[in-house]
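The values are calculated or read from the model by the stated rules, or taken from the named source; none is laboratory data. Only a predicted model underlies this, so the values are computations on that prediction, with no experimental measurement involved. Cβ sites come from the backbone with ideal geometry, for glycine too, and all protein chains shown count toward neighbours. To get the accessible areas, we keep the full protein, side chains included, count just its heavy atoms, and leave off ligands, DNA and RNA. Shrake-Rupley method; radii C 1.70, N 1.55, O 1.52, S 1.80 Å.
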Amino acid sequence: MLKHHSLKKLALATLLVVSSSSVWADTSLTVAQRQDPNSWDPIDTFLVAWSSAGGSLFDGLVLRDENLKLQPGLATSWEILEDGLRMRFKLSEGVKFHNGEDFNADAVKFTFDRLLGEEGAKGPQRSNYLSIKSIEVVDDHTVDFVMNAPDPVMLTKLAGYGAMIVPPKYITEKGDAHFNMNPVGTGPFKFKSYTQGDKLELVINPDYFGGKPKLDNLTYRFIREDATRLAELQAGRVDVVHDIAFSAIPTVKENDSIEIVSVAGPSIMSYQFNTKAGITKDLKVRQAINMAVDKKVLIDAFLGGYGTPIDSLQGKLSFGYDPDLKGYPFDPEKAKQLLKEAGVKPGTEITIDYRANNAAVGEISQAMTSFLQNVGLNAKLKPIESSVFLNDIVPKGKTDELFQFTWGGWTFDFDNTAYLIYHDGERWNPYGTSEEMNKLLEAQRSIVDQDERLKILRQVGQLAHDNAYHLPLYNEDTIYAVSKKVKGFVPAPDRRMRYLTTTVEE
Amino acid sequence: MPIVSYFIKRFLQAAFVVVVVSLLVAFAIRMTGDPAMMMLGESANITEADLHNIREQMGLNRPFLVQYWGFMSGLFSGDLGDSFFRGAIAPLIWQAMKATMLLAIISLGVSMLISLPLGIYAARHKNSWGDQCIRILSLTGLSFPNFWLGIMLMLLFSVTLKWLPVSGFSGASSLILPALTIGIILTASNLRIIRSAMLEVLNSQYVMVARAKGLSEHRVIYRHALRNSAITIITYLGLQFGALMGGLVVVELVFNWPGMGTLAIESIAQRDYPILQTVVTVLAMLIVFVNLLVDVAYVMLDPRIRLE
């Protein structure tokens, strides 16, 4: 009896200690992702791995929220002047960088002078912002962007990596190399330490202008091996895992303490046609192949259901998405008939090129062969080393009849995809499209009226569909594996997590 | 002087191997694609001028042999230069090398601690029940792929039992699982070689003589037999060093160990040639060096080789 009592007391005492300690303890969240971006200077990178952590350190004049809507960031308001040749921004007052430096119009000018100048030329971000001619400081809290030409996507791009506002004094004094490894921004979390290939530690910025975050510590760990990342989550040593392999979803679902959180993402998967050579020169053949593939089956089999079939090369979150675009139905009988009309004999060979380093794409390409077999085409697979594929095969128009095409449209604006793959002379358009297509693409680039642009982008989608330049398959979901201890997790479609409202319950 | 000329000959051979390997590495890496493209990204709006600029900055426009000479002379003067994406190379290599060597030495130590007594036991009690067990265990150990063993140990000790960290480096406890993984694989192969080397020696006449002299069994085994079988064992360990480094690459990846393997894999993913080239060349030099050491040790241990 006595024993029983003392046990109870002990349990009570433990409970008290545990509950009081959770009152005092800092709340910490640990995130694991595959890649270490290796540099924190926003203009040095295009990696998604950068933004998933960099978004907590830096702000742009404009921010894009989890619904991909543009919100005021460091700018409180803006207006478009002179038919889009000038954009005027009113800046937040009283904002400071993590090192105590004031944020003001000079910081904005410094940021863009740096991006468009010598330092920016060393990295991949500059080319996104070349429509900016110069930045004019109107007063301490007003800046004008003077444009070379109207750029309807600029506002969205100002939420992009390259446009993150950086501290002038800090960078001038310490140098670019120091800034790269010891970043300072205005974001909700401050830099604490960084060990290359291992982890990045951030701490709360209690004075964040967008409200105090609920987490005290935010740590990113870089773990390349998929199985290891998941094991860390299962062992409870990390709370959120990015880049979960679709094949690992069943394992996650079996575990009661973890859940999958998903949202439609920016990546699409498709195959493009060689429209200049082989049987795919014929529109009927291209349409037939579009009808031969059951996209839903591919999504269920390879993405665990975490994807949406598409009929143009964009997901439904993309600006330019057309809900009324009727895709080619899955209809093998009709496909056979079209092939017959095109004079293609059963058993005709066709080759699919794809990037060899991606196991998932290899499996999907194999599935494709059986769909094509089903309509009488004898499909061969040709895996090609990734950089050869991207440098020598696709841009130089040396592909076979079909070639894999994956695309991550980070702006979620169809222009960013469509122009680069449909406009003649572009790197990813080796076989050309049409004069009509070129005109549409050029027209929407100089229109500021977004409704008008949307109309044209939908026409672009329709035209591409009618000519069956490609076989659009699906829009991949962005998935996160999250510990159930984590509350208030809002998944970002573009992986730019900010963790403002997130907290962890022990 | 034959011994001096022998060493000079071996040294020149080693130097030749290093040159050939480093040339091959430099050439092969450049065959795999354009790092400038990689840097600008697939969906960036790329122009040939942008590509040209980046190549110019990276020094990729210089002739191959000029690039190679710059790399090799840098390597020997200690100035490893800069990587494409991660700043100066020398501190990166130094950090990674320390981590890898720590893991290699601990694993080798673990493996010797287990395999030496067990190997000697198996040889002394040949075909006994214990010997059979040891042989089966060793064969089983050899049959495990190292990454699989690593993941299994991780699932058991870190995920299910939660005794040890899963991955990364956060103190001595982080060493246990990766060292155990490599240690087990090494032990399996060491056991077999120690057993057979000891068996051979135990059957020799000088061991019989030693026993006939009435020496204690302990003295016979450790003073006479082990010392004579050491030549075989050390040669084998030297040869195994290359395999050990190869195994480390995979095991480091599984446990996210911040060593040369992880560094190599990351630089492959980013096509950071300068790092990759340095990592591979340094590892190759290390393996050549260890084998050179083995040859020297050989001569020291066995006076007969000196006379030949």
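Counting protein heavy atoms only, the range B:127-193 has 76 percent of its accessible area on carbon and sulfur, 1.4 angstrom probe. When nucleic acids and ligands are ignored and a 1.4 Å probe is applied, A:Trp78 ends up with an accessible area of around 80 Å². Rounded to the nearest 0.05, the FRET efficiency derived from the C-beta distance between A:Ser77 and A:Thr501 at R0 = 41 Å is 0.95. Sorted largest first, the spans of the alpha carbon positions of chain B along the three principal axes are 84, 61, 28 Å.
A simple spin-label model places pseudo-atoms 7 Å from Cα toward Cβ; at A:Lys398 and A:Glu136 they are separated by 5.0 nm.
Across all C-alpha atoms in the range A:265-476, the radius of gyration and Dmax reach 16.3, 51 Å. Extending 7 Å from the Cα toward the beta-carbon at both A:Glu452 and B:Ala88 defines two label points whose distance is 5.6 nm. Solvent-accessible surface (1.4 Å probe) assigned to B:Ile265 amounts to roughly 50 Å². Heavy atoms of chains A and B lose about 3200 Å² of accessible surface on contact, summed over both sides with a 1.4 Å probe.
Going through the cross-link list A:Lys284/A:Lys380; A:Lys316/A:Lys336; A:Lys96/A:Lys214; A:Lys214/A:Lys484; A:Lys295/A:Lys316, which pairs have a Cα-Cα distance over 24 Å in this structure?
Working: A:Lys284/A:Lys380 20 Å; A:Lys316/A:Lys336 30 Å; A:Lys96/A:Lys214 20 Å; A:Lys214/A:Lys484 17 Å; A:Lys295/A:Lys316 16 Å.
From A:Lys284/A:Lys380; A:Lys316/A:Lys336; A:Lys96/A:Lys214; A:Lys214/A:Lys484; A:Lys295/A:Lys316, over 24 Å: A:Lys316/A:Lys336.
Within the straight-line cut-off of under 15 Å between alpha carbons, the aspartates and glutamates reachable from A:Lys334 are A:Asp294, sequence neighbours fewer than 8 places apart in one chain being disregarded.
Relative to the isolated chain, which residues of the range A:221-247 have their accessible area cut by 10 Å² or more in the presence of all protein chains (1.4 Å probe, heavy atoms, no ligands or nucleic acids)? For the range A:221-247, once contacts with the other chains are taken into account, A:Arg221, A:Phe222, A:Ile223, A:Arg224, A:Glu225, A:Ala227, A:Thr228, A:Ala231, A:Glu232, A:Gln234, A:Ala235, A:Arg237 lose 10 Å² or more. The radius of gyration of the Cα set in the range A:36-186, together with its Dmax, comes out at 14.2, 43 angstrom.
Take chain A with all the other protein chains still there, run a 1.4 Å probe, and you get 41 Å² of accessible area per residue. Note: relative contact order over chain A, using C-alpha pairs below 8 Å and six or more positions apart, is 20 percent.
Hey, what number do you get for chain B at 222 nm if only DSSP H runs of n ≥ 4 count, each worth -39500 (n - 2.57), divided across all residues, to the nearest 500?
On the way: 13 runs with 233 residues, N = 308.
Calculated from helices alone, the mean residue ellipticity at 222 nm is -25500 deg cm²/dmol.
Between A:Lys484 and B:Met31, how many nm apart are label points set 7 Å from Cα along the C-beta direction? Rounded to a tenth, the inter-label distance reads 5.3 nm.
Counting only protein chains, not ligands or nucleic acids, how are A:Asp282, B:Asp82, A:Asp207, A:Asp144 ordered by accessible area (probe 1.4 Å), most first?
Ranked from most to least accessible, the order is A:Asp207, B:Asp82, A:Asp282, A:Asp144.
Surface calculation, 1.4 Å probe, protein heavy atoms: A:His141 sits at approximately 40 Å² accessible. Atom-type composition of the exposed protein surface of the range A:265-476 places 50 percent of the accessible area on carbon and sulfur (1.4 angstrom probe). Using the Cβ-Cβ distance between B:Ser196 and A:Lys174 with R0 set to 56 Å, the FRET efficiency from 1/(1 + (r/R0)^6) comes to roughly 0.35.
Just so you know, the Rg over Rh for the range A:125-247 is 1.05, from Cα atoms, with Rh as the Kirkwood radius.
With every protein chain kept in place and ligands, DNA and RNA left out, what is the accessible area per residue of the range B:127-267? Probe 1.4 Å, answer in Å². Write out the running numbers ahead of the final one.
On the way: 6490 Å² over 141 residues.
Solvent-accessible surface per residue comes out at 46 Å².
Shown are B:Met152, A:Met181, B:Met58, whose ranking by accessible area with a 1.4 Å probe and every protein chain present, most to least, is B:Met152, A:Met181, B:Met58.
In straight-distance terms, cross-link reach from B:Lys98 covers every one of the aspartates and glutamates whose alpha-carbon lies under 17 Å from its own, apart from those fewer than eight places away in the same chain; here that gives A:Asp198, B:Glu252. What you get for the range A:184-252, charging only the Cβ of Lys and Arg (+1) and of Asp and Glu (-1), is a dipole of about 180 debye around the Cα centre. Span-like helix check, chain A: qualifying full DSSP H segments, with Cα axial length of 30 Å or more and mean Kyte-Doolittle of 0.0 or more, are A:2-24. Going by a 1.4 Å probe on protein heavy atoms, which residues of the range B:259-284 end up with at least 50 Å² less accessible surface in the whole assembly than in their chain alone? Listed in order, they are B:Glu266, B:Gln270.
Taking a straight line from the alpha carbon of A:Lys192, not one of the lysines sits under 16 Å away once near neighbours fewer than eight places off in the same chain are left out.
Nearest 500 deg cm²/dmol is fine: what mean residue ellipticity at 222 nm does chain A get from its DSSP H runs of n ≥ 4 alone, each adding -39,500 (n - 2.57), divided by its residue count?
-9500 deg cm²/dmol
Once the chain from A:Arg86 to A:Ser370 is taken as fully extended at 0.36 nm per residue, the excess over their C-alpha distance is 96.8 nm. What the Cβ-Cβ distance of B:Asn61 and B:Val209 gives, at R0 = 51 Å and to the nearest 0.05, is a FRET efficiency of 0.10. Both radii are taken from the alpha-carbon atoms of the protein assembly as shown; with Rh as the Kirkwood radius, Rg/Rh is 1.03. By DSSP, the beta bridges lying fully in the protein assembly as shown are antiparallel in about 75 percent of cases.
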